[in-house]
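Just below is one structure, and these are the notes that go with it.
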Amino acid sequence: MTAPPRAPDPIGVTLRRHTRRRPWLPALALALAALVPAPGADADEAVTEVTVVMTEYAFTPSDIALTVGERARLVLVNRGKHLHEFATPYLTDLEVTVDADGTVVEALGIGEVEVPPGRRVTLLFTPESAGTFPVVCPSREPVSHYAEGMRGTLTVGEAAP
């Protein structure tokens, strides 16, 4: 007996967490997202917005600078022909709000975000610790994006006193 065909992903974006596998969590998160109003920064809260364009095979900009305690909005835009991923260990322990074409999901830690060609995904979070962290595209279709040079850094600096 063969398994029935899988339904397509309703928003075309996959979030992955590298620590533990919970196959039921994405479905639960999407179901709950319909019940939760879209969160946003207060009008007077400072937000640093960085748009990261993904192409074959680069992030532009490749180096992202943020500040501890200052709300950050990363807008990931795939202008390439292939699916690209944005992966950094920095986001694995933070609360991150993910907006993919109007579907909003709040997640406690994400390891990577897949962004299909022509799509955009927004990540909203508050950096909690300083340091420099790698950003990579681990996709291997049609070749290793990382080996082709699709990598960068996320540098989080201390807030000015």
When a footprinting reagent is the concern and you count Cβ atoms within 10 Å, what order do M54, M150 take, fewest first? M150, M54
Please order E128, E70 by the number of other Cβ within 10 Å, starting at the fewest. E128, E70
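I'd like the trypsin sites (Lys or Arg not before Pro) in region 87-161 restricted to DSSP loop residues with at most 13 other Cβ atoms within 10 Å, sorted by number.
R140
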Could you list L108, L83 in order of exposure, starting from the residue whose Cβ has the fewest other Cβ atoms within 10 Å? L108, L83
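Readers should treat all values here as calculations from the given coordinates under stated rules, not as data from a laboratory. Note that the structure is predicted; figures quoted are calculated from it, not measured. As a convention, Cβ positions derive from the backbone with ideal geometry for all residues, glycine included, and neighbour counts pool all protein chains shown.
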